[in-house]
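Scroll down for the structure; my scribbles are underneath it.
A short reminder: the numbers here are calculations on the coordinates, not readings from a lab. From a predicted model like this one, the values you see are computed outputs, not experimental measurements. Using ideal geometry, Cβ is built from the backbone for each residue, glycine included, and neighbour counts are taken over all protein chains shown.
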Ligand SMILES: Cc1cc2nc3c(=O)[nH]c(=O)nc-3n(C[C@H](O)[C@H](O)[C@H](O)COP(=O)(O)O)c2cc1C
């Protein structure tokens, strides 16, 4: 049996939030969940409301053992997920990257991401978008702001508009490679 690479804290597995946005490749997020579990993480999924339509909710909830969170709980309701030790935003959309950088918090996913900075929670982001979206000046500024906040940025390059290509090369596990060194100690 291979040793998990992510650290255990007091015998408890670290808890990873996978924040999923409404991108065409969101349906493959099970790849990241499986890899994270194999590497010693417990996983909970937070989806944007738009992303829910791209996901097999039942399959993901069976895989993680937790409900997918997408909206805020009601006051007094129990927290459906344990607190996050780290967060992977994968895939991250143009929309969510720009809103997160601007401090907009109008989805639960954005609320969690906006608070992560102040909480000191390590965050890795794997954007998946096309080159026409990436050409917008706001996008470059958003990435600069987020990386300046310590957010770890994946290496995937934007694909050609309307092509939807690059999905085969999307390295889901890069989020874990970026986060795990931050968990040491
Ligand atoms: C089939 C489909 C695929 C999409 N793929 C992407 C994508 O890969 N990247 C992206 O930034 N937006 C993509 N979009 C647009 C987003 O879904 C849209 O901007 C949405 O508002 C994002 O919401 P969210 O950031 O709250 O998840 C896609 C839309 C559709 C209908």
Next on the checklist: Just to be sure I understand: with springs between alpha-carbon atoms less than 10 Å apart, which residue in 74, 12, 162 has the highest mean-square fluctuation in the Gaussian network model of the chain?
Outcome noted: 74
Next on the checklist: What distance in nm separates the two pseudo spin-label positions at residue 105 and residue 79, each 7 Å out from Cα along the beta-carbon direction?
Outcome noted: 1.5 nm
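Just the number: Rg to Rh for the range 137-182, Cα atoms, Kirkwood Rh, two decimals.
1.03
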Next on the checklist: How much of the pair distance distribution for the chain lies past 20 Å, counting alpha-carbon pairs only, in percent?
Outcome noted: 51 percent
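Subtracting the Cα-Cα distance from 0.36 nm times the residue separation, let me have the gained length for residue 12 to residue 171 in nm, one decimal.
Gain on extension, residue 12 to residue 171, equals 54.5 nm.
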Checklist entry - Looking at the range 62-112 from every direction and averaging, what is the projected area of its Cα convex hull in nm²? => result 4.5 nm²
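When you count, for each residue, the other Cβ atoms within 10 Å and take the mean per peptide, how do 100-108, 115-123, 43-51 rank with the highest first?
43-51, 100-108, 115-123
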